[in-house]
Amino acid sequence: MPAGKVVKYGGQEHVELERVGVEEARSTAFVLVAGGLGERLGYSGIKVELPVEQASETKYLELYVKNILALQNREASGDGVSVGCCGAKSTAGAEVKSQMIPLAIMTSDDTHEKTLSLLEKNDYFGASKEQVTLIKQEKVPCLIDNDAHLALKDDDQYKLQLKPHGHGDVHSLLHTSGLLSKWMSQGKKWVVFFQDTNSLVFRVIPGALGVSKSMNLEFNSLCVPRKAKEAVGAISLLTHTDGRKMTINVEYNQLDPLLRATTNPDGDVNDTTGFSPFPGNINQLIVSLPEYAKQLKKTGGAIEEFVNPKYKDSTKTTFKSPTRLECMMQDYPKSLGTKAKVGFTVFDNWVGYSPVKNSPADGLAKFKNGDPTHTATSGEFEFYECCAEMLRLAGADIPAATIDQEFNGMKLPMGPRVVIGPNFASTFEELKAKIGKLKMTATSTLIIDGADVSIKNLDLDGTLIVNVVKGHSVVIDGVVKNKGWNWKSIGGGFGSRKIREIDALRGFTVEKKPENEARFIFEQPGSSKVPSAK
C-alpha cells in the first residue's frame, strides 16, 4: 500500500483538511477533461451540456464553473477582498487576474465548437472569459490488425480513420499551450484534474487539496473504497526487483494476477473493512504545479502509450473494430523519479463519485447483474441523496432514500430531492454553520443557493426554491407546505421519438406546477425572511 489518507466526510479531520484546502483553492488551477459526445449515453450533444438533475436543470459545465467561482469568491472575501461573480475588483488588472481561479477544458474536434458555443451562449456561466481556456486534442490513426496496418475510412479509401489519443494528452496540451507557465506567473501552486460527468467531485476537492498540502504530495489520486476484483483501477505501490518504487494506478484486470504472482497467493481480496486494501482510482487528480511544470519540460508531457484491441475470438488475430494507440492521464507518475511524493485520498462513494457514463440499456444490464448503473437516472438520485446526507450530518431531520422507484426498468432508491448550490456552501463547515432546525418529508424538494442564506427553522412538506444573489441576505424561518413536484415515469421508454433525449435517459419527467411550489428568487441586494407558505 502506498502513502495516502482515508477521510471521513464531516469528521473533525475532514473539517480541518477543508480549512487548509480552501486556503489553497485561490492558488489552484482546474482542468476539465471534457470527454466527448454523449453518443454512448444515447445523447446527441456534448456530455457537459447535460443537466445534472431535473430539479434545478443545472448543466454539468455550469455546475463546475459555479463551484470554481464559489471557491474563488469565498477565498477572496475571506481576507477582506471584495470579488464579484466574474472575479472583478477595483484594483489593478494584474491583481484581478491573480485572484481568478483559471479553468482549462480539453476538447476534441467533435466537441470544441459545441463547448465554446455552450460557454458563449451562457455568458461563461458567470466566469470571466479570460479565465476559461479551451485546449483541443488531436486525433491519431487507427489500426486494423496485430501488424498495425492503418485503417481507412469506409466512405473514402484515401483517408485514414482517426480516433482520440486518450485523456493522457492533457499533459502535453498543458505544456505546449503555455498555460503552466502562465499559471505559475499568477502564483498558482496546484492543478486539479476532474472528469466530465461526476457531479459530486467538488464536494471532496477542498478536503483533497488539504491532504495534498499537509502531506506535501506531488501527485494525489482521489479514490473511493473498492471491492476486491471490482472493475475499477486500483492505486498500488509497486517495487521493482532492483528496489525502485512507484505508486501508480493498476488496472483491475491486471491487479489480481499481479498480486498472485508476487505478494498474495489469494490475489485481490477484501480485508476486515469489507473492501480491498487497494483504493479505487476515480481519475480526479491533484498535482503540485512547480514539480509538474518542471517535469513536463523534460518530457514534453508525453505519456506511455498502450494498445487495447477488442478481438473477435480467442485466436486474437482479428479486431472487432479498428483500435489505436492511446494514453491515460493517471499514468503520469510513471515518468517521475523514485523520490517523488505520490499518494491518494479516499472519500466514500456517496460524497465524491457518481459518474454518468452508461446508456439506459447498458445501465439496465448492470442493474440486473447487481452492479452500479452509472446512468443519468442514478446520477440524478445520487446527487440528491448526497446533498440530503450532507444536511443530515449537519443535524437536519431528513428521511433516507429508501423508496425504490422504477425508471427505465431499473429500481433505484429515491428520497427527498435536495439541491445545494455551490454558493450556499463550499465546505461542510460552512454548510453546518447555516443550518439550524430543518425537517423534510420523504417526497419534498428543496433547492437552495446563495451566499447569504441561512435556515433558522424550516418544516418542509412539498417544494421550496430559494435563490439569492450576492448582497441579499435571507433567513428561512417557517413552515412550507404544498403539493410539491412529481417525478413521473414516462411511457414509451428509452428510444421513443416522442420523448426528449434528456428525459429518456432518465426514464422520467418532472411535473413542475407553480401552484405546487413555494419559490423565492431575490435578484437585488437587500434582506428578506422567507415566510410560511401553505
Scoring the chain by relative contact order with C-alpha pairs under 8 Å, at least six apart, yields a percentage of 15
Ranking Thr317, Thr58 from most to least accessible area with a 1.4 Å probe gives Thr317, Thr58
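Normalised by the number of residues in the range 402-534, what is the relative contact order in percent for Cα pairs under 8 Å and 6+ residues apart? Mind showing how you got there, number by number?
Numbers: 294 pairs, mean separation 30.8, N = 133.
Here the relative contact order equals 23 percent.
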In this structure, among Lys456/Lys481; Lys188/Lys297; Lys136/Lys245; Lys136/Lys366, pairs with alpha-carbon gaps over 25 Å are Lys136/Lys245; Lys136/Lys366
Looking only at lysines whose Cα falls under 17 Å of Lys159's and that sit 8 or more positions away or on another chain, we get Lys139
Taking N as the residue count of the chain, its alpha carbon Rg divided by 2.2 N^0.38 Å gives 0.99
SASA check, Asp256, accessible area w/ 1.4 Å probe, all protein chains in place, rounded to nearest 10 Å², comes out at 30
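Restrict the search to the range 231-270; then list the trypsin sites (Lys or Arg not before Pro) that DSSP places in a loop and that have at most 13 other Cβ atoms within 10 Å of their Cβ. Mind showing how you got there, number by number?
On the way: sites: Arg244, Lys245, Arg260; in loops: Arg244.
Taking the range 231-270 and a limit of 13 other Cβ atoms within 10 Å, the loop trypsin sites (Lys or Arg not before Pro) found are Arg244.
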Counting only protein heavy atoms and rolling a 1.4 Å probe, one gets per residue an accessible area for the range 371-451 in Å² of 33
The long-range amide H neighbours of Lys163, using H built 1.01 Å from N in the peptide plane and a cut-off of under 5 Å, are Val140, Cys142
Excluding residues fewer than 8 positions from Lys341 in its own chain, the aspartates and glutamates with Cα under 19 Å of it are Glu24, Glu218, Glu291, Asp331
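Could you tell me which chymotrypsin sites (Phe, Trp or Tyr not before Pro) in the range 104-210 are loop residues by DSSP with no more than 10 other beta carbons within 10 angstrom of their beta carbon? Don't skip to the answer; put the middle values down first.
Details: sites: Tyr124, Phe125, Tyr158, Trp183, Trp190, Phe193, Phe194, Phe202; in loops: none.
Within the range 104-210, no chymotrypsin sites (Phe, Trp or Tyr not before Pro) qualify (loop, at most 10 other Cβ atoms within 10 Å).
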For the range 407-452, the accessible surface attributable to carbon and sulfur atoms (probe 1.4 angstrom, ligands and nucleic acids excluded) amounts in percent to 54
SASA check, Thr272, accessible area w/ 1.4 Å probe, all protein chains in place, rounded to nearest 10 Å², comes out at 150
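The values are calculated or read from the model by the stated rules, or taken from the named source; none is laboratory data. Computed from a predicted model, the values in this text were never measured in an experiment. Positions of Cβ are generated from backbone atoms using ideal geometry, with glycine treated the same way; all protein chains shown enter the neighbour counts. Heavy atoms of the whole protein, side chains included, go into the accessibility calculation; ligands, DNA and RNA do not. Shrake-Rupley method; radii C 1.70, N 1.55, O 1.52, S 1.80 Å.
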